[in-house]
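Notes to accompany the following structure.
The values are calculated or read from the model by the stated rules, or taken from the named source; none is laboratory data. Computed from a predicted structure; not experimentally measured. All Cβ positions, glycine included, derive from the backbone under ideal geometry; neighbour counts span all protein chains shown.
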Amino acid sequence: MTDQVPDADIWATIREEAARDAAREPCLGGFLHEAILRHGSLMDALGSLLAHKLSAANMSALTLLDLAYQAFARDPYIEESVIADLQAVLSRDPATRGYSQPLLYFKGFHAVQSFRIAHHFWVDHRPALALFLQSRISEVFAVDIHPGARIGRGVMFDHATSVVIGETAVIEDNFSMLHEVTLGGTGKSGGDRHPKVGRGVMIGAGAKVLGNITVGEGAKIGAGSVVLEDVPPHSTVAGVPAKLVSFPKESFPALEMDQSFDCAG
């Protein structure tokens, strides 16, 4: 993990990191030029990277790039969220060595930013396109997020493999979770049927949070838990079914990523 820089300096820092890595590893020079150094902005680079990853025989990278640029231009919240998510990964993942690392290599970051594009088109009343993008995101990144879900900024999906998030799920800002988490329903009933997750929540690997329940601000859910009832704010639950086991030492567990259940005080 390296020190954060101001939001306005992130793109310049990414370019410096890419140039340094290209000098150290000449075999990566072409890749880093294509992915970062030839671009004039973070969003240009991100759009190109996601377009190439999500392209398929029936949808070209050029078409996907145009769609990404449409979403970025119409919704400035996406760029603000991308920057907040980069800051979140750098501050919470001790394996991260710079801003270019999640941008280039972390599929959890890629999946969330791709979702943001799909969500834009869902809200813009283009469900067929949004669902196509959801399908490609799931195929490429093994992360299945319905485009109707709502996700705040400053989020980190660490590793992210096998994450599933349902249509009416809501995730507020400064959220962290690990791989194999499900925010799902409990059956085939329609309507508002998925979890609502408050600010600063952390969910451990393999946890299943099911139904139209509330996970309160600053809560922590232990790995492998099955959560079927509301979780009070600033509490820790674990088990199958999940029960209250302790209270986090920190106000927002997502920021600290402490997996223990020790009681405060």
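Picking from R92, R126, R97, which residue would you name as being free of Cβ contacts under 8 Å to residues at least 60 places away in the same chain and not assigned by TED's automatic domain parsing to the domain that holds P253?
On the way: R92 fails: free of Cβ contacts under 8 Å to residues at least 60 places away in the same chain; R97 fails: free of Cβ contacts under 8 Å to residues at least 60 places away in the same chain.
One residue alone meets the criteria, R126.
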Wholly inside region 17-78, helices (runs of 4 or more DSSP H) that include 2 or more residues that are in contact (Cβ under 8 Å) with a residue 60 or more places away in the chain are 42-54
Scanning region 1-38 for residues that are in contact with a Lys or Arg (Cβ under 7 Å, 6 or more places away or on another chain) and among the aliphatic types (A, V, I, L, M), which turns out farthest from V89 (Cα to Cα)?
L37
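Residue-by-condition table, conditions (1) assigned by TED's automatic domain parsing to the domain that holds A84; (2) touching a residue at least 12 places away in the same chain (Cβ under 8 Å); (3) hydroxyl-bearing (S, T, Y):
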{"site": "T186", "(1), (2), (3)": "no, yes, yes"}
{"site": "G190", "(1), (2), (3)": "no, no, no"}
{"site": "R199", "(1), (2), (3)": "no, yes, no"}
{"site": "A205", "(1), (2), (3)": "no, yes, no"}
{"site": "N212", "(1), (2), (3)": "no, yes, no"}
{"site": "A219", "(1), (2), (3)": "no, yes, no"}
{"site": "D230", "(1), (2), (3)": "no, yes, no"}
Members of region 47-97 that are more than 16 Å from I151 (Cβ to Cβ), surrounded by fewer than 19 Cβ atoms within 10 Å (Cβ to Cβ) and small (G, A, S):
S55, A56, A57, S60, A61, A73, S91, A95
Give just the number: which of (1) surrounded by 14 or more Cβ atoms within 10 Å (Cβ to Cβ); (2) modelled with pLDDT of 95 or more does Q4 not satisfy?
(2)
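Give the residue, chosen from A205, A223, that is of a type in the set (A, V, I, L, M), under 17 Å from the mean Cα position of the chain (by Cα) and either in a loop (DSSP other than H, G, I, E, B) or at negative phi (or both).
None of the other options fit; the residue is A205.
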Take region 206-265 and flag every residue that is of a type in the set (S, T, Y) and crowded, with 16+ Cβ neighbours inside 10 Å.
T214, S225, S235, T236, S246
With respect to H159, is the statement that it is closer than 21 Å to L90 by Cα and either at pLDDT below 95 or in a loop (DSSP other than H, G, I, E, B) (or both) true?
yes
Is one or more of the residues making up region 138-151 more than 30 Å from E256 (Cβ to Cβ) and of a type in the set (D, E)?
yes
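Matching residues to (1) over 21 Å from the mean Cα position of the chain (by Cα); (2) within 18 Å of L183 (Cβ to Cβ); (3) in a strand (DSSP E or B):
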position	(1), (2), (3)
V209	no, yes, yes
G218	no, yes, no
P241	yes, yes, no
E250	yes, no, no
L255	no, no, no
